[in-house]
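S.K.: Please find one structure pasted underneath; my questions will follow.
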Amino acid sequence: SKLAALFKHPLYNIPVPEVTEKDKLFIINPMEKFSLRSSGSDEWVSSSKAETLLPTGKTAYDTYPTWLKFHIGINRYELYPRRDPLLPTLLRDLATQRIISSVQKSGGTQLKLIMTFPNYGQALFKPMKQTRDQETPIDFFYFSDFERHNAEIAAFHLDRILDFRRIPPVSGRLINITKEIRDITTDKKLAKTFFISPAGNVCFYGECSYYCSTEHALCGKPDRLEGSMAALLPDKTLAKRRSWRSPWRRSYHKSKKAEWELNPNYCAQVRETPPYDRGHRLLDLIDMAILDFLMGNMDRHHYETFEKFGNDTFLLHLDNGRGFGTHSRDEPSILAPLQQCCSIKKSTYLRLQLLATQPYRLSDVLREALAADPLAPVLAEPHLQALDRRLGKVLVAVGHCLAR
């Protein structure tokens, strides 16, 4: 396994700083116990009575559902640890747990659903919009592109392979539109958009600002539909997040250009602007630009951080559905932060060099990681080949900076 060998490499064993109590997103009461109700109702309870239901020898933490353990594990330095024993279980839960509620997520430009499981865990479902081998038409603007379910799955694994670990876990899943959405939804607006197509397939389209119409309906075969299931982050009432506008945000206008596209010395003013004037925030932003260039994602207008950790923490790489839309061409402007600032973390640069070598080739390790997903093959082969080509271009860009 190239993937196992990669994660054993010394570059993937650089220790994170010691995590103190103030570095944890949540401080939990170790005596609080959770258990399945003895009635077998699949509901979780938290009470002193639950103690009597616990098998002897189990600690309170053992009784927590996997999604809760994931939330408790978040700290200042990482969303989840490198060798997270919870990850396989969490991915399996996302792919297989019974869905008891499906409602449309408010906001955003395209249709997304919030799925709830019996243990109160929740996932963000993005449905399949186009097939693996379809490319985004060359005349499409990035802001009107489809959001792809397979891009969300591949982005999570790519982010982990780069050792960023800033994207919440995502699994593919085959959904039954009738039983797992239509029949159990309490969302009246969503319920009104279901219909049977002339071919006899179950379809729906929801309400949103792009692609929510009968012309862009999501249809099953006859009621089976692929989608991505992303683990939700802790509720914002429990763990506030701050949204930051990216300095390299595009204009989102059909003819106007952003300042960074016109000013070659743009990075100099970014470096003088908080929070980019100190710490590793700018380097983290450059990490994100490299991830986006490898995926071909032009739609990174904002990023988020957990408010509790202030400016000294990692960036969350959320909403990656507009990645992996094209494999036949690259978008060099995505690399503007790297090219204009000529800065990169040493650890990131060394890992990129490693992923360009035969024993750890990026396309090979990502192909292997994606092979375990329920919807494999997640990416068409040309997208994997494009990753190696783009990785070469990132290394060339760093080379130009070093030469300068």
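The values are calculated or read from the model by the stated rules, or taken from the named source; none is laboratory data. From a predicted model like this one, the values you see are computed outputs, not experimental measurements. So basically every Cβ, Gly included, is an ideal-geometry build from the backbone, and we count neighbours across all protein chains shown. Heavy atoms of the whole protein, side chains included, go into the accessibility calculation; ligands, DNA and RNA do not. Shrake-Rupley method; radii C 1.70, N 1.55, O 1.52, S 1.80 Å.
S.K.: Output the number of the condition that K254 fails; it satisfies all remaining conditions of (1) at pLDDT below 95; (2) within 24 Å of L68 (Cα to Cα); (3) more than 20 Å from the chain's Cα centre (by Cα).
M.R.: (2)
S.K.: Still on this structure: I'd like the full set of residues that are surrounded by fewer than 16 Cβ atoms within 10 Å (Cβ to Cβ), of a type in the set (D, E, K, R) and modelled with pLDDT of 70 or more, limited to region 41-74.
M.R.: Selection gives D62 alone.
S.K.: Also, I was wondering about something else. When the residues of region 363-374 are filtered to those that are out of contact with any Asp or Glu (no Cβ under 6 Å at 6 or more places or on another chain) and not acidic (D, E), which remaining residue is surrounded by the fewest Cβ atoms within 10 Å (Cβ to Cβ)?
M.R.: Top of the filtered list is A371.
S.K.: Further question: Give E147, E152, E135 a once-over and let me know the one that is modelled with pLDDT under 95, surrounded by 19 or more Cβ atoms within 10 Å (Cβ to Cβ) and of a type outside the set (K, R). Can you show your working first?
M.R.: Numbers: E152 fails: modelled with pLDDT under 95; E135 fails: surrounded by 19 or more Cβ atoms within 10 Å (Cβ to Cβ).
None of the other options fit; the residue is E147.
S.K.: Still on this model: Given the conditions (1) farther than 27 Å from A230 by Cβ; (2) loosely packed, with under 14 Cβ neighbours inside 10 Å, and given that A336 satisfies all but one, which numbered condition is not satisfied?
M.R.: That leaves (2) as the condition not met.
S.K.: Within the set of pairs 6+ apart or on separate chains, which have a first residue in region 269-282 that is in contact (Cβ under 8 Å) with a residue 24 or more places away in the chain, a second that is assigned to a loop (DSSP other than H, G, I, E, B) and open to solvent by 60 Å² or more (accessible area, probe 1.4 Å), and C-beta atoms under 7 Å apart?
M.R.: R271/D277; P275/N311; G279/N311; G279/D312; R281/N311
S.K.: So which residues in region 200-219 are in contact (Cβ under 8 Å) with a residue 12 or more places away in the chain and part of a loop (DSSP other than H, G, I, E, B)?
M.R.: Hits for region 200-219 are G200, N201, Y205, G206, E207, C208, S209, Y210, Y211, C212, A217.
S.K.: For Y77, only one of the following conditions fails: (1) under 26 Å from A217 (Cβ atoms); (2) touching a residue at least 60 places away in the same chain (Cβ under 8 Å); (3) open to solvent by 20 Å² or more (accessible area, probe 1.4 Å). What is its number?
M.R.: Single failed check for Y77: (1).
S.K.: If the requirement is being touching a helix residue (DSSP H, G or I) at 6+ places or on another chain (Cβ under 9 Å), buried (at least 23 other Cβ atoms within 10 Å of the Cβ) and not aromatic (F, W, Y), which of these qualifies: N297, N311?
M.R.: One residue alone meets the criteria, N297.
S.K.: Considering each residue of region 80-120, count those that are aromatic (F, W, Y), at pLDDT 95 or above and either within 29 Å of P17 (Cβ to Cβ) or open to solvent by 20 Å² or more (accessible area, probe 1.4 Å) (or both), and give that number.
M.R.: Residues flagged as aromatic (F, W, Y), at pLDDT 95 or above and either within 29 Å of P17 (Cβ to Cβ) or open to solvent by 20 Å² or more (accessible area, probe 1.4 Å) (or both) within region 80-120 amount to 1.
S.K.: Return a yes/no flag: does region 375-384 have any residue that is within 23 Å of the chain's Cα centre (by Cα), exposed (fewer than 15 other Cβ atoms within 10 Å of the Cβ) and aliphatic (A, V, I, L, M).
M.R.: Looking for residues that are within 23 Å of the chain's Cα centre (by Cα), exposed (fewer than 15 other Cβ atoms within 10 Å of the Cβ) and aliphatic (A, V, I, L, M), one finds at least one in region 375-384, hence yes.
S.K.: Could you tell me whether A123 is open to solvent by less than 40 Å² (accessible area, probe 1.4 Å) and out of contact with any Phe, Trp or Tyr (no Cβ under 9 Å at 6 or more places or on another chain)? Explain how you work it out, then say what you get.
M.R.: On the way: open to solvent by less than 40 Å² (accessible area, probe 1.4 Å): yes; out of contact with any Phe, Trp or Tyr (no Cβ under 9 Å at 6 or more places or on another chain): no.
Considered against the rule, which asks whether it is open to solvent by less than 40 Å² (accessible area, probe 1.4 Å) and out of contact with any Phe, Trp or Tyr (no Cβ under 9 Å at 6 or more places or on another chain), A123 comes out as no.
S.K.: Output yes when any residue across region 279-289 is of a type in the set (D, E, K, R) and open to solvent by 60 Å² or more (accessible area, probe 1.4 Å), and no when none is.
M.R.: no
S.K.: Before we move on, is I167 surrounded by fewer than 17 Cβ atoms within 10 Å (Cβ to Cβ) and closer than 25 Å to H302 by Cα?
M.R.: Spelling it out, it is not the case that I167 is surrounded by fewer than 17 Cβ atoms within 10 Å (Cβ to Cβ) and closer than 25 Å to H302 by Cα.
S.K.: How many residues are assigned to a loop (DSSP other than H, G, I, E, B) and in contact (Cβ under 8 Å) with a residue 12 or more places away in the chain if we restrict to region 220-264?
M.R.: Qualifying residue count for the region: 18.
Rundown of residues vs (1) in contact with a helix residue (DSSP H, G or I) (Cβ under 9 Å, 6 or more places away or on another chain); (2) open to solvent by 40 Å² or more (accessible area, probe 1.4 Å); (3) aromatic (F, W, Y); (4) under 20 Å from D319 (Cβ atoms), yes/no style:
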site	(1), (2), (3), (4)
S197	no, no, no, no
T214	no, yes, no, no
R245	no, yes, no, yes
W248	yes, no, yes, yes
